[in-house]
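*Asks:* I'd like to ask some things about the structure below.
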Amino acid sequence: MKLNPEFVLRTLDDTTILVPFGRAQVDFNGMLTVNAVGAFLVEQLQNDVTEDELVERLTARYEVDAETARKDVSSFLDSLRQCKALLD
C-alpha cells in the first residue's frame with residue numbers, strides 16, 4: 001500500500017496536516033491533522049509498504065509494543081482509507 005500522491009504532508013507552525021489537492025480535493029473536502037506518529041507513518045507510506053512493515057518500523061522508532069502498534073497502525077490506515085488517501 002502507498003499514500004495517494006494527491007495528498008501531501010505539510011507542517012504549519014506546530015501542526016502537521018495531510019492536505020488533498022487535485023481530484024482528491026474534490027473527493028475529500030478537508031484535511032487531516034496528524035501527530036508525530038501519524039506523520040511518521042505517512043512518510044513511510046511514500047513508498048510501497050505492507051501493514052506488517054509499518055508495525056515493525058513503528059516499534060523500532062517508538063517505545064511501543066507490537067500489539068499496540070498493530071492496533072494503532074490499523075486504525076490509522078482505516079482513517080486514510082476513508083478519505084481515499086491510501087492506495088492499496
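The values are calculated or read from the model by the stated rules, or taken from the named source; none is laboratory data. Since the structure is predicted, the reported quantities are computational estimates derived from the model, not experimental observations. Because the Cβ atoms are built from the backbone with ideal geometry, glycine has one as well, and the counts that use them run over all protein chains shown.
*Asks:* Scanning for something at pLDDT 95 or above, assigned to a strand (DSSP E or B) and within 15 Å of Leu86 (Cβ to Cβ), does region 37-57 turn up at least one residue?
*Replies:* no
*Asks:* Would you check if there is a residue in region 1-12 being farther than 22 Å from Ser74 by Cα and polar (S, T, N, Q)?
*Replies:* yes
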